[in-house]
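*Asks:* Below are the structure tokens for one structure; questions will follow.
The values are calculated or read from the model by the stated rules, or taken from the named source; none is laboratory data. Since the model is a prediction, treat every value here as computed from it, not as a measurement. Don't worry about glycine lacking a Cβ; one is built from the backbone with ideal geometry, like all the others, and counts go over all protein chains shown.
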Amino acid sequence: MTFKELGVSNDLIKGLNEMGIVTPTKIQEAAIPVLTEGTVDFVGQAQTGTGKTAAFGLPILAQIDPAKDHVQALILSPTRELGQQIAKQLFKFTKYSDKVFTEAVYGGEKIDIQISRLNRPTQIIVATPGRLIDLMKRKAVDISKIKTLVLDEADEMLSMGFKKDLTTILEATASDKRNVWLFSATIPQDLNEIINKYVAKNARKVSVDKKDTVNTGIDHQFVSGDDNSKLDTLAYFLKSMGKQRGIIFTKTKAAARTLAKQLIAKNHEVGLLEGDMLQKDRDKVMRAFKNKSLRLLVSTDVAARGIDVANLAFVAHYQLPDQTEYYTHRSGRTARAGKTGISLALVNQFELKKIKQFERELGIKFTQIR
């Protein structure tokens, strides 16, 4: 399928082509024609990194009336980074079409600055739930007239404790006038409760098979050894990658902190990302990584939510994740926009069965590196 066949306008396609987005992904093929129909509720199950922003973003942009100044669509995201990324993507999509005004609001930035920006004409708001609630309490934002409410990474928002905020926001929008489009990697029980209460019974439901979500440009590799040799193996791998950039994942915050210190001691330029960091420290690390003054990031799974950095040559799994979805999420950080990349897992003999599980569930093949 092409974007034209999916009903996307030529002006938006021109913007997509400039971004290197030429062929629709599975979730885009499934969602765009349905969401472009207009008044429909939707539940889409797909992993992160499968192109969900365009899947809901292009239909939203097609629905916005540029002549009307009020907020017509609201997109909720779990993290500041993902919110900023969505707003930036929407801006790029519309390079050659009618100007649509999008504003991103999130915690960690002075609320007064965001209130003054919202005083300008705003047609789409991208928000983290907590900050949106703060703005609603101050009467700084009116979401009563929105036509579309998108919940992106809905399972993540719930796991981060936003359930009460989400229900408050859903209650504040006129249910007879708005559609809910919900995207999530998994559908846990508490998310099902929200779907049953706030999403129309006749909602269109789409699930993209796990095997279709893995980027074929990724070369999946693993090295087997004991835990004591992991650090030396990783150091050897990083040396072999020269000046190329990548992210190294751990499962816990403590492991991320320790590994970052160990790599710095071996003279590697490393930035650390973990959940307990202050937003200003996190922003500083991300700025350095994006402008290439830092070559490596050590990160936990949660801290990496919403990171979108172009041209990463590799991802290394210092500790394998417990969930298959997290492996997809991690490895999808490399080989973006049609490029290739390496996903290297460092495992002990007990974790070899995990490699087999990932191969089976994701339909991929790992190569063992001696």
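*Asks:* Could you tell me whether ALA310 is touching a residue at least 12 places away in the same chain (Cβ under 8 Å) and either crowded, with 21+ Cβ neighbours inside 10 Å or touching a Pro at 6+ places or on another chain (Cβ under 7 Å) (or both)?
*Replies:* In short, no.
*Asks:* Please determine, by comparing only the residues of region 322-346 that are surrounded by fewer than 21 Cβ atoms within 10 Å (Cβ to Cβ) and over 14 Å from the mean Cα position of the chain (by Cα), which one is nearest to LEU259 (Cα to Cα).
*Replies:* ASP322
*Asks:* Now for a different question. Any chance region 231-246 includes a residue that's under 23 Å from the mean Cα position of the chain (by Cα) and in a strand (DSSP E or B)?
*Replies:* There is at least one residue in region 231-246 that is under 23 Å from the mean Cα position of the chain (by Cα) and in a strand (DSSP E or B).
*Asks:* Another question about this same structure. Within region 1-29, work out how many residues are of a type in the set (A, V, I, L, M, F, W, C), part of a helix (DSSP H, G or I) and farther than 14 Å from SER97 by Cβ.
*Replies:* Number satisfying all stated conditions: 1.
*Asks:* Could you tell me whether GLN349 is free of Cβ contacts under 8 Å to residues at least 40 places away in the same chain and either surrounded by fewer than 16 Cβ atoms within 10 Å (Cβ to Cβ) or within 21 Å of LYS239 (Cβ to Cβ) (or both)?
*Replies:* Spelling it out, it is not the case that GLN349 is free of Cβ contacts under 8 Å to residues at least 40 places away in the same chain and either surrounded by fewer than 16 Cβ atoms within 10 Å (Cβ to Cβ) or within 21 Å of LYS239 (Cβ to Cβ) (or both).
*Asks:* Now for a separate question. Starting from residues that are at pLDDT 90 or above and of a type in the set (S, T, N, Q), keep the ones in region 188-219 and report whichever is surrounded by the fewest Cβ atoms within 10 Å (Cβ to Cβ).
*Replies:* ASN202
*Asks:* Any idea which of (1) modelled with pLDDT of 95 or more; (2) closer than 29 Å to GLY332 by Cα; (3) over 17 Å from the mean Cα position of the chain (by Cα); (4) hydrophobic (A, V, I, L, M, F, W, C) is the one LEU76 doesn't satisfy?
*Replies:* In the conditions (1) modelled with pLDDT of 95 or more; (2) closer than 29 Å to GLY332 by Cα; (3) over 17 Å from the mean Cα position of the chain (by Cα); (4) hydrophobic (A, V, I, L, M, F, W, C), LEU76 misses (3) alone.
*Asks:* Just for region 360-370: of the residues that are over 23 Å from the mean Cα position of the chain (by Cα) and either among the polar types (S, T, N, Q) or more than 18 Å from ALA235 (Cβ to Cβ) (or both), which one is surrounded by the most Cβ atoms within 10 Å (Cβ to Cβ)?
*Replies:* The selected residue is PHE366.
*Asks:* Something else: For the subset of region 294-327 comprising residues that are hydroxyl-bearing (Ser, Thr, Tyr) and at pLDDT 90 or above, which member is farthest from GLY108 (Cα to Cα)?
*Replies:* TYR318
*Asks:* Give the residue that is surrounded by the fewest Cβ atoms within 10 Å (Cβ to Cβ), with candidates limited to residues of region 118-136 that are over 23 Å from the mean Cα position of the chain (by Cα) and of a type in the set (D, E, K, R).
*Replies:* So, considering only residues that are over 23 Å from the mean Cα position of the chain (by Cα) and of a type in the set (D, E, K, R), the one surrounded by the fewest Cβ atoms within 10 Å (Cβ to Cβ) is ARG120.
*Asks:* Name the residues in region 257-274 that are in a helix (DSSP H, G or I) and out of contact with any Gly (no Cβ under 9 Å at 6 or more places or on another chain), would you?
*Replies:* Correct list: ARG257, THR258, LEU259, LYS261, GLN262, LEU263, ILE264, ALA265.
*Asks:* Consider region 2-32. How many of its residues are of a type in the set (S, T, N, Q), surrounded by 14 or more Cβ atoms within 10 Å (Cβ to Cβ) and either more than 18 Å from the chain's Cα centre (by Cα) or at pLDDT 95 or above (or both)?
*Replies:* 1
*Asks:* While we're looking at this one, here's another question. Hey, among the residues in region 150-165 that are surrounded by fewer than 22 Cβ atoms within 10 Å (Cβ to Cβ) and among the aliphatic types (A, V, I, L, M), which one's modelled with the lowest pLDDT?
*Replies:* MET160
*Asks:* Restricting to region 139-196, give me the number of residues that are in a loop (DSSP other than H, G, I, E, B) and either among the small types (Gly, Ala, Ser) or without any contact (Cβ under 8 Å) to a residue 40 or more places away in the chain (or both).
*Replies:* Counting residues in region 139-196 that are in a loop (DSSP other than H, G, I, E, B) and either among the small types (Gly, Ala, Ser) or without any contact (Cβ under 8 Å) to a residue 40 or more places away in the chain (or both) gives 11.
*Asks:* Moving on. Checking the condition among the charged types (D, E, K, R), in a helix (DSSP H, G or I), modelled with pLDDT under 90 and outside the structural domain of SER159 (by TED's automatic domain parsing), which residue from ARG360, ARG330 passes?
*Replies:* ARG330
*Asks:* Tell me, which residue of region 262-277 that is at pLDDT below 90 and in contact with a helix residue (DSSP H, G or I) (Cβ under 7 Å, 6 or more places away or on another chain) is surrounded by the fewest Cβ atoms within 10 Å (Cβ to Cβ)?
*Replies:* ASP276
*Asks:* Conditions: (1) among the aromatic types (Phe, Trp, Tyr); (2) under 30 Å from ILE133 (Cβ atoms); (3) in the same structural domain as GLU359 (by TED's automatic domain parsing). TYR236 meets all but one. Number of the miss?
*Replies:* (2)
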